Structure formats: C-alpha cells, structure tokens
C-alpha cells in the first residue's frame with residue numbers, strides 16, 4: 001500500500017469513527033415550562049384539560065413523582081438548572097431569592113460551568129429558545145446593544161426568545177445579543193421613574209388574561225410591532241423546530257424555556273376556549289401543542305430515536321387571577337399538594353418531570369426517586385462523558401441510572417429547597433421535610449383584587465387542609481416551625497413539629513451545614 005493510499009485509508013477510518021461517535025451521541029431536548037403545576041397534566045391527574053402530547057411522552061417514557069425545581073421562584077430555579085448549583089450559593093453565598101429585575105445584569109458568571117457548556121465541550125450544537133430571565137450585560141443592563149454577556153457566553157451557540165418574562169417589559173424578542181427588529185436610529189430606551197416620555201404601545205389584552213406590567217420602554221417601534229402576546233408560543237416553537245431540522249445529523253442540545261403557562265394567559269386563537277379551565281387551561285393546551293410540534297420536528301429530522309426529551313417545570317403553579325379562575329372551575333393546578341409558586345410547601349416546587357428516550361427508557365414506567373433540577377448538570381455530564389470537578393458537582397447528582405433503570409436505593413437522599421423568603425429555606429432528608437418557620441414564605445395575597453395569592457389563603461380556596469391553618473388563616477397557636485413526613489403525608493396535612501423533637505433537631509443541624517457554608521463554586 002502506498003503512503004497516499006495509507007493516508008487516505010487512515011482518514012477514512014477516522015471519519016468513520018467520528019461519524020459513528022456522533023451517531024451514538026444522543027440529542028437532548030430539555031423543555032422547561034413556566035409555572036406549570038404538579039396537577040396541570042392529564043398524566044398527573046388533570047381532568048379539566050387535555051394534554052395528549054405530554055401524556056404520550058409519559059406513556060412511552062418515565063414519569064417521576066418526587067421531582068423538584070431548585071427553587072419555588074423562576075429566576076433562582078433557572079440558575080439552579082443551568083449551573084447545577086443550589087441558588088442558596090449564588091452571589092458569593094448571598095443567595096438568589098426573587099425574579100430578576102428588568103435592568104439586571106447577567107446573573108451567572110461566565111466562568112461557571114453550565115449544562116450548555118457540558119454539551120458544547122462535547123461537540124454538540126447548543127441553543128436556547130424562550131424565556132431567559134437571567135439578565136444581560138455586566139452590572140446594570142441599559143438595554144443598549146450588544147446585550148452581552150448573555151446566553152452566548154454561557155455555552156449556547158444560539159439564543160432566540162423573551163429576554164425577561166412575558167408579563168414584564170421590554171416586549172420585544174432578542175436574538176443572540178441583539179433586539180429583533182432593532183434600529184440604531186430608534187433604539188430601545190428604558191424610561192426612568194417620573195419620565196414624561198410615553199412608552200411604545202404594546203398588544204392590548206383583556207382583564208381575564210391576568211396581570212401584565214405596563215411597558216417601561218420607548219423607542220424600538222418596529223421591534224415592538226414584531227411582538228404580539230398571542231403569537232409568542234407559536235413563534236418560539238417555529239424557531240425551535242426550524243433549528244432542530246437544520247442540524248444535519250450533528251448532535252445537539254436544545255433548551256426550550258416556554259413562556260407557557262406564566263401569566264398573562266394569551267394562547268393563540270386555535271387554543272382559545274378549548275379547555276374547561278378558562279384561559280389558564282387554554283394556555284396549557286398550547287403548551288401541549290408545543291411539545292407535540294417539537295417531537296414532530298425530531299421525527300421529520302430523522303433523529304427521534306436517538307433523542308432524550310426531558311419535560312419539567314421551573315416551579316409550581318400560581319394562584320393569580322387566571323389560576324384562581326381555573327380553580328373555581330374545578331381544575332387542581334398543583335393537584336392536592338399544599339401551597340403554590342414562591343412558597344416552600346410542596347405545591348411550590350414539586351413539579352412534573354417526564355423523560356422519554358426510545359430504547360433507553362422503559363415505556364410507561366414510573367419512578368419515586370427524589371430528584372432536583374440541579375441534578376441535570378451531573379446527569380448530562382454522564383451522558384456526554386464530560387468530567388466534572390468536585391466543586392462543580394457538589395450539589396448535582398447523576399440521575400441517569402434512574403432515567404434508564406430502577407435503582408434499588410435512592411440516588412439522592414437529601415436536598416435544599418429555597419422559596420422567595422430566605423427565612424423559609426428548607427431541608428429534605430428521606431421522607432422528612434423541615435421548614436424553620438411558620439407558613440410558606442411565599443405570596444401573601446388573599447383579597448379578590450390582589451394578583452398573587454399564596455400561603456394560608458390558598459388552602460381555603462382549593463381545600464388543602466393543614467393542621468396549622470383554619471379558614472385560610474394561621475392559627476394563633478400554630479407551631480413556630482414545621483416538620484412533615486412526606487412518605488405518609490405528601491399533602492402536608494399534619495405538622496409533626498411537636499411530635500418528633502429529635503427529628504427536628506437532626507434536620508435543623510443538617511440545614512445549618514448548608515446555610516452556614518453557602519460559598520459559591522465560582
């Protein structure tokens with residue numbers, strides 16, 4: 001064999017090996033719904049709405065019954081998902097507790113290993129579509145282009161979506177580090193308090209669509225025209241599915257953070273009036289369609305059989321105007337779980353979690369493994385063969401054995417969960433959940449005109465009894481702290497604080513090991 005033939009043969013073998021390796025690398029699609037509660041899907045017990053596409057994922061994959069978001073609040077939850085780190089450790093140990101403000105700079109250090117980095121460094125194409133809500137730029141975001149650092153500096157090759165949240169300005173799309181439809185002659189301008197300049201008009205929506213903040217930006221008239229609340233779900237889906245079909249067989253990671261079902265409830269026309277749970281249920285119907293379209297795009301691209309789909313939510317459901325209306329119609333947003341978004345009770349952070357992977361995950365299987373969304377970092381690292389440092393995996397646990405099998409022992413034995421108020425940071429160990437304060441540390445609304453209901457008032461609304469609560473209010477003699485046996489009482493009807501003082505002390509000491517050593521891994 002001549003040297004030329006030998007060289008050609010070597011190149012051919014190398015390319016064959018490379019193609020074989022690429023073919024064995026599974027694509028991963030992570031769909032992260034917004035404010036979707038534990039009871040919002042047919043496969044988790046919903047009866048007032050239909051979710052056939054998501055139910056099909058569960059029927060052909062695995063449903064988890066003890067999966068949790070890293071926080072009961074949107075921004076901290078997204079931080080935990082992307083970094084594999086408890087939000088408690090963010091900001092150099094100060095923690096991350098609430099939604100990022102409109103002018104927030106990028107909240108994840110660009111040196112931090114993210115789930116996107118794990119895939120990108122393993123040869124994957126990476127993209128994020130939808131709600132970002134983790135800030136842009138360094139320091140205060142003045143919204144002047146380029147909007148960098150941002151998603152492209154955290155391992156994502158491409159970004160298109162809603163820069164903050166669908167209920168807050170600016171009501172424009174961002175693509176990578178630019179405002180879609182932006183014009184240097186008519187830039188986006190954030191109006192300060194007391195400004196006499198009029199903001200740019202936005203899509204009108206009816207009161208039943210629920211709360212939405214007024215626009216706080218002037219300028220960027222053409223960019224604002226491209227944004228219509230009733231087209232967000234379909235637009236994001238169109239962009240995400242087109243990206244999937246353009247990969248040309250190269251392995252990819254897609255993070256699709258839907259705006260469904262966060263208020264305002266503005267589904268496209270074909271979904272309006274289709275559920276028995278009002279606009280809230282219609283918005284869930286649109287979410288189900290989105291999942292169906294993503295799966296259809298995988299099939300059309302010929303890659304469905306080599307793709308892992310994970311579907312979950314950033315926190316539990318919220319009893320805003322739309323959520324309360326759905327409850328009045330008989331829909332149980334969080335099932336029979338106590339609590340809601342922002343709070344530390346199970347309804348605030350126990351979320352649907354479905355994994356689908358043909359040939360790898362047993363169809364129709366159910367797992368009670370304790371799982372937290374911070375676990376995606378270690379799980380994806382295992383899938384790609386990426387090695388993580390000890391600090392990078394201090395909070396994240398590889399859950400791949402639970403996805404593809406049925407381990408006899410729990411992979412995760414304890415976890416921290418954070419609500420809106422740091423005083424209610426809680427610890428879970430095995431069957432026990434310990435909360436070092438009264439109530440849930442979340443929303444406190446209770447009157448008809450108030451947007452965000454939470455805490456005891458919700459228990460009366462949806463009939464979720466608790467021994468510390470009577471007629472939607474805390475009892476005067478309510479225990480100062482809370483302890484629940486989630487194995488015997490997942491709906492947290494009985495506070496066992498006084499019955500098990502030794503367990504309380506053990507859990508309190510365990511919680512202290514986390515709260516006294518909150519240093520970030522950055």
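The residues on offer are 176, 141, and the sole one that is within 22 Å of the chain's Cα centre (by Cα), in the same structural domain as residue 393 (by TED's automatic domain parsing) and farther than 22 Å from residue 266 by Cα is 176.
Against the conditions (1) modelled with pLDDT of 95 or more; (2) under 24 Å from the mean Cα position of the chain (by Cα), residue 181 satisfies every one except (2). Scanning the stretch 32-55 for residues that are assigned to a helix (DSSP H, G or I) and either touching a residue at least 60 places away in the same chain (Cβ under 8 Å) or within 20 Å of residue 370 (Cα to Cα) (or both) yields 43, 44, 52, 53, 54.
So, in the stretch 200-233, exactly how many residues are part of a loop (DSSP other than H, G, I, E, B) and out of contact with any strand residue (DSSP E or B) (no Cβ under 9 Å at 6 or more places or on another chain)? Walk me through how you get there before you give the answer.
At the first step, the residues of the stretch 200-233 found to be part of a loop (DSSP other than H, G, I, E, B) are 200-206, 210-216, 219-220, 226-228.
Among the residues that remain, those that are also out of contact with any strand residue (DSSP E or B) (no Cβ under 9 Å at 6 or more places or on another chain) are: 201-206, 210-211, 214-215, 226-228.
Of the residues in that region, 13 qualify.
Among the candidates 466, 471, the residue that is over 15 Å from residue 429 (Cα atoms), in contact with a helix residue (DSSP H, G or I) (Cβ under 7 Å, 6 or more places away or on another chain) and in contact (Cβ under 8 Å) with a residue 40 or more places away in the chain is uniquely 466. Does residue 228 count as in the same structural domain as residue 171 (by TED's automatic domain parsing), modelled with pLDDT of 95 or more, on the phi < 0 side of the Ramachandran plot and surrounded by fewer than 18 Cβ atoms within 10 Å (Cβ to Cβ)? Yes.
In the stretch 130-159, the qualifying residues are those that are in contact with a strand residue (DSSP E or B) (Cβ under 7 Å, 6 or more places away or on another chain) and not in a loop (DSSP other than H, G, I, E, B), and the one that is surrounded by the fewest Cβ atoms within 10 Å (Cβ to Cβ) is 158.
Regarding residue 163, is this residue closer than 22 Å to residue 199 by Cα, touching a strand residue (DSSP E or B) at 6+ places or on another chain (Cβ under 8 Å), touching a residue at least 40 places away in the same chain (Cβ under 8 Å) and buried (at least 23 other Cβ atoms within 10 Å of the Cβ)? So residue 163 fails the test. What number goes with the only condition from (1) outside the structural domain of residue 504 (by TED's automatic domain parsing); (2) at pLDDT below 95; (3) within 23 Å of the chain's Cα centre (by Cα) that residue 403 does not pass? Condition not satisfied by residue 403: (2).
Residue-wise test of (1) outside the structural domain of residue 111 (by TED's automatic domain parsing); (2) on the phi > 0 side of the Ramachandran plot; (3) in a loop (DSSP other than H, G, I, E, B); (4) under 25 Å from the mean Cα position of the chain (by Cα).
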| position | (1), (2), (3), (4) |
| --- | --- |
| 451 | yes, no, yes, yes |
| 465 | yes, no, yes, no |
| 477 | yes, no, yes, no |
| 480 | yes, no, yes, no |
| 491 | yes, no, yes, yes |
| 497 | yes, no, yes, no |
| 506 | yes, no, no, no |
| 510 | yes, no, no, no |
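The values are calculated or read from the model by the stated rules, or taken from the named source; none is laboratory data. Quick caveat, the model's predicted, so the values are computed rather than measured. All Cβ positions, glycine included, derive from the backbone under ideal geometry; neighbour counts span all protein chains shown.
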